[in-house]
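The values are calculated or read from the model by the stated rules, or taken from the named source; none is laboratory data. Treat the numbers as computed from the prediction; the structure is a model and nothing was measured. All Cβ positions, glycine included, derive from the backbone under ideal geometry; neighbour counts span all protein chains shown. Each accessible area value is taken on the protein alone, full model and side chains, heavy atoms only, with ligands, DNA and RNA left out. Shrake-Rupley method; radii C 1.70, N 1.55, O 1.52, S 1.80 Å.
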2 protein chains.
Amino acid sequence: MPLRFAVPAGKSLVTCLIAGLFLSATAYAYAKAKAKSAPANVTQVAQASKLNLGDIVKNSSAADWRPLDPDNTLYLNLEKGRVVIELAPNFAPNHAKNIKALVREGYFDGLAIVRSQENYVAQWADPDEKREVKTAKRKLNGEFTVKYPGNLPFTRLPDVDGYAPQVGHANGFPAGRDPKAGTAWLAHCYASVGVARGTDANSGDGTSLYVVTGHAPRQLDRNITAVGRVVQGMELLTTLPRGTGPLGFYEKAEERTPIKSMKLAADVPEAERSKLEIIRTDTATFKSIIEAQRNRGGDWYKVPAGHIDLCNVPLPVRPQK
Amino acid sequence: MPLRFAVPAGKSLVTCLIAGLFLSATAYAYAKAKAKSAPANVTQVAQASKLNLGDIVKNSSAADWRPLDPDNTLYLNLEKGRVVIELAPNFAPNHAKNIKALVREGYFDGLAIVRSQENYVAQWADPDEKREVKTAKRKLNGEFTVKYPGNLPFTRLPDVDGYAPQVGHANGFPAGRDPKAGTAWLAHCYASVGVARGTDANSGDGTSLYVVTGHAPRQLDRNITAVGRVVQGMELLTTLPRGTGPLGFYEKAEERTPIKSMKLAADVPEAERSKLEIIRTDTATFKSIIEAQRNRGGDWYKVPAGHIDLCNVPLPVRPQK
């Protein structure tokens, strides 16, 4: 049985993308794992959850999901397929607006992925730095944090985080929060999308975007404008050959991956849209997912972690029902 | 300037692999960034470091580095190049020994990478499950934790970790530690290598190995035998096409990546070895690296994190001098 590893494959159709793992529904009996030790951050000995991600998703109701908003969903169309990105206008309103303007004027069409750095980011831009910006702004102030959007539910993780006073999820996005300062910000997790900038904090405008392709570089939080996340198609970006130049930039033009086009979903005929729905993060179901992942049960896990890192919380995505 | 992002490329020749980022020597003046906020886990307001990784490495002495031990270094030879893996016999003595026996009897030669799951692991094994084991053992007890090896220096990180009472580095490996239980274990970071197993805790034997290719799945810590880490060649594994079967297994034989051979460095003629040295983790220099990464300075960073995640600590590797 050399192929053995982890729990067996589930039957769920959910594409679980993929701030975490997809250890889906199993045929095994629940919760045989016994807690053997308690991590530092829990006061009680961790107990294996009686639920698992796959079953929670399977038993979820329609109200536990929301469709992607076509007005805030971008398609990065590559030769090999489509990368679906959801913007987070609550966290970076001006940048989200400007990126939509750039997309609508066709700014990215025919440009390229210019950089792929191992365990860090892939980045796209105009490699010749000649593309004209027509309607979008060329100067924006950084949106590294926002005043906490009070109307946006925040499902706080129960565990400690080293990078932020509080972490959790708001409308499907991993985020940090500082109650004393009254600020919130998108966290740099795997699949997070941000706006490249120079040393000037206000030098990013959305003409060059990056996606995190490695272990979460959370030190970027509050230092650069994060603007959304990839919800489908990460494998199109993570498997790109790494650039051999400094910072993973490609050294030759032919090494770059061309961008066929970048479109706002709302501008694409409905029949051609990627109709996806994502788990809502303001529900009891989502809290169950977090608990199940904090203390994984089933036959395979022997020691529940009693903890989950913000960037390991799964955010399931599936075809819209 | 659409290509702008992060600090500029350094001049260091160090291949910084790659539990962290490679933000190398910069031409900028130091420490202009001002601390603007303090994360929850520090009692003082974070101050930007006056040092940076690139300069610390540049100014390091020969005594800050150690060569890879040929008796504990494996070469996974693929058509596109060599993946260099260092075993950690202090943490998994029986598995390290058994894997070396498997390698020496040629067990992996001609087998294949059978699985690549997005943001999780790549795994290699005998896809036909027919390869005979000659001299190695077919049954080993799991080595999920070890009695803390008292003779092995442990450079503890100053920050909180959600998955372990203490985390730090021992002989170049990221590790967790539980002083009360007197145990230690390798942490599952990006590039960590482990031994696949079934639901039986003692069912892994080293005939199927995995490497972490995504955000650290630390929930695996203390649940499976981690045995080492990739120190060079991660990009050969992370860029593999993802498998479309359950758990990222390839569905067709031709999708798999063949393994030309797997060798112990000591068995390879000296002229053909990858002569690398890795930063020592029991030195003042390494502590400086940690401090510089906890509170990155330079012109680019505006808000030092005041924290570093275990799996974001860089472990520089370079050609042996």
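Distances between copies of A:Val268, taken at a point 7 Å out from Cα along the Cα→Cβ vector and listed shortest first: 4.4 nm.
Let me know the shape class of the stretch A:160-314, please: from the alpha-carbon gyration tensor, a ≥ b ≥ c as square roots of the eigenvalues, rounded when a/c is under 1.5, otherwise prolate if a/b is greater than b/c, or oblate. In terms of gyration-tensor shape, prolate. Between the helical axis of B:284-294 and the longest alpha-carbon principal axis of chain B there is an angle of about 80 degrees. For chain B, the longest principal axis of the Cα atoms and the long axis of helix B:93-104 meet at an angle of about 60 degrees.
Each copy carries B:Asp69; placing its label point 7 Å along the C-beta direction from Cα gives inter-copy distances of 5.6 nm, listed from smallest up.
Each Cα pair under 8 Å and six or more residues apart adds its separation to the average, and for chain B the resulting relative contact order is 32 percent.
When you restrict to C-alpha pairs under 8 Å that are six or more residues apart and normalise by the size of the stretch A:184-321, the relative contact order lands at 20 percent. Taking the accessible area of the protein assembly as shown, probe 1.4 Å, and keeping the other protein chains in place, the carbon and sulfur fraction comes to 50%. Loop-resident trypsin sites (Lys or Arg not before Pro) (DSSP state other than H, G, I, E or B) in the stretch B:150-233 with no more than 11 further Cβ atoms inside 10 Å of their Cβ: B:Lys180. Interface residues of the stretch A:190-232, defined as those losing at least 40 Å² of solvent-accessible heavy-atom surface relative to the isolated chain (probe radius 1.4 Å), are listed as A:Tyr190, A:Arg197, A:Thr199, A:His215, A:Gln219, A:Arg222, A:Asn223.
Taking a cut-off of 20 Å between Cα atoms, list the aspartates and glutamates near B:Lys287, but don't count ones fewer than 8 places away on the same chain. In chain and number order, the partners are B:Asp55, B:Asp64, B:Asp159, B:Asp161, B:Glu277, B:Asp309. Using C-alpha pairs below 8 Å separated by at least 6 residues, the relative contact order for the stretch A:124-225 is 30 percent.
What separates the Cα centres of the stretch B:83-109 and the stretch B:229-269 is a distance of 16 Å. Annotation: lysines with alpha-carbon distance below 16 angstrom to B:Lys260 (same-chain offsets under eight excluded): B:Lys80.
Cross-linked pairs A:Lys50/B:Lys137; B:Lys58/B:Lys302; A:Lys137/A:Lys263; B:Lys134/B:Lys263; A:Lys130/B:Lys58; A:Lys58/B:Lys139: Cα-Cα separations exceed 26 Å for A:Lys50/B:Lys137; A:Lys130/B:Lys58; A:Lys58/B:Lys139.
Heavy-atom accessible surface of the protein assembly as shown, averaged per residue, reaches 38 Å², computed with a 1.4 Å probe. Determine the shape class of the protein assembly as shown: with a ≥ b ≥ c the square roots of the Cα gyration tensor eigenvalues, call it rounded for a/c under 1.5, and otherwise prolate if a/b is greater than b/c, oblate otherwise. Since a/c stays below 1.5, the shape of the protein assembly as shown is classed as rounded.
Helical runs assigned H by DSSP (4 residues or longer) give chain B a calculated mean residue ellipticity at 222 nm of -3000 deg cm²/dmol, each run adding -39500 (n - 2.57) before division by the residue total. Placing pseudo-labels 7 Å out from each Cα toward the beta carbon at A:Gln166 and B:Lys50 gives an inter-label distance of 3.8 nm. Counting GluC sites (Glu not before Pro) as exposed when in a DSSP loop with at most 12 other beta carbons within 10 Å, what is the longest stretch of chain A free of them? Formally, the longest exposed-site-free interval is A:133-250. Note on surface exposure: A:Asp299, B:Asp71, A:Asp126 rank B:Asp71, A:Asp299, A:Asp126 by accessible area, highest first, 1.4 Å probe. Note on A:Ala284/B:Asp128: beta-carbon distance plugged into 1/(1 + (r/R0)^6) with R0 of 41 Å gives a FRET efficiency of 0.35.
Within the assembled protein chains, the solvent-accessible surface assigned to B:Lys97 is about 150 Å², based on a 1.4 Å probe. In the context of the full protein assembly, A:Ser192 retains an accessible surface of approximately 10 Å², using a probe radius of 1.4 Å and ignoring ligands and nucleic acids.
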